[in-house]
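Asker: Please read through the structure below; I'll follow up with questions.
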Amino acid sequence: MFLNSLKVTSIARKIDKHLRDRKFESFKKEPVAICILQCDAKAFKSEFISDLKKAITNNPSLEVDVISYVEELPKDDNGKQALFSDKDIGWNGVLKSDVLKDFSQKRYDILINYYDGERISLQLLSAASQAYFKVGISMNNQQLNDLIIQTGIGKEQDFIRELKKYLKIIK
């Protein structure tokens, strides 16, 4: 238990470092790649992803990646879903799995932090992301997001409607 709290503290320091080092850049073009970072227990419903694409852009080739946090990785993981657990993150916020390393190096136009609560693993990934624009639903760590839409989990249509409205204003 003591070692776990030390690990959490080291990860929190890594989050702070990512937040301090973040360079804010605006994107001038239509978004071509977005990512949804979520907790698998309260996931963004897949039937709303096409609605999300339409709300963000008219570009039919918009790439949407979904990365889900799970308490424990399933033994029969077929690799079709991008899943990670706390075991994929080491001391000082070191990303161990290829999924997480690829995520942290990819330049997304928009990152959607679709989780609530104090999930240190999800917060680390959000902070480590190279996304131009970060949108979240949780007020827990406001520094992680450029825009917070307080709709709550399970209200995807409301979230999409509000996101579309704010993106129209920002553009």
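The values are calculated or read from the model by the stated rules, or taken from the named source; none is laboratory data. Just so it is clear, the structure is predicted and the values come from calculations on it, not from any experiment. Cβ placement follows ideal geometry from the backbone for every residue including glycine, while neighbour counts extend to all protein chains displayed.
Asker: Would you tally the residues in the range 71-101 being surrounded by fewer than 21 Cβ atoms within 10 Å (Cβ to Cβ), in a helix (DSSP H, G or I) and in contact with a helix residue (DSSP H, G or I) (Cβ under 9 Å, 6 or more places away or on another chain)?
Answerer: Looking only at that region, the number is 6.
Asker: Answer with yes or no whether LYS53 is under 18 Å from the mean Cα position of the chain (by Cα), crowded, with 17+ Cβ neighbours inside 10 Å and either modelled with pLDDT under 90 or not aliphatic (A, V, I, L, M) (or both).
Answerer: The answer is yes for LYS53.
Asker: Looking at the range 107-119, which of the residues that are loosely packed, with under 15 Cβ neighbours inside 10 Å and touching a residue at least 40 places away in the same chain (Cβ under 8 Å) is farthest from ASP16 (Cα to Cα)?
Answerer: Top of the filtered list is ARG107.
Asker: Is there any pair linking a residue in the range 4-31 that is outside any helix (DSSP H, G or I) to one that is of a type in the set (Ser, Thr, Tyr), with Cβ under 9 Å and at least six apart or on different chains, and which?
Answerer: So the pair list comes out as PHE24/TYR132; GLU25/TYR132; SER26/TYR132; PHE27/TYR132; GLU30/THR57; PRO31/THR57; PRO31/TYR108; PRO31/TYR132.
Asker: Also, quick follow-up: The conditions are (1) closer than 15 Å to LEU19 by Cα; (2) in contact with a strand residue (DSSP E or B) (Cβ under 6 Å, 6 or more places away or on another chain); (3) surrounded by 20 or more Cβ atoms within 10 Å (Cβ to Cβ); (4) not aliphatic (A, V, I, L, M), and ASP146 fails exactly one of them. Which is it?
Answerer: Of the numbered conditions (1) closer than 15 Å to LEU19 by Cα; (2) in contact with a strand residue (DSSP E or B) (Cβ under 6 Å, 6 or more places away or on another chain); (3) surrounded by 20 or more Cβ atoms within 10 Å (Cβ to Cβ); (4) not aliphatic (A, V, I, L, M), the odd one out for ASP146 is (3).
Asker: Which one of these is in a strand (DSSP E or B), within 16 Å of the chain's Cα centre (by Cα) and free of Cβ contacts under 8 Å to residues at least 60 places away in the same chain: SER104, SER68?
Answerer: Being in a strand (DSSP E or B), within 16 Å of the chain's Cα centre (by Cα) and free of Cβ contacts under 8 Å to residues at least 60 places away in the same chain holds for just one of SER104, SER68, which is SER68.
Asker: If you scan the range 33-84, which residues turn out to be among the β-branched types (Val, Ile, Thr) and more than 19 Å from LYS96 (Cα to Cα)?
Answerer: ILE34, ILE36, ILE49, ILE56, THR57, VAL64
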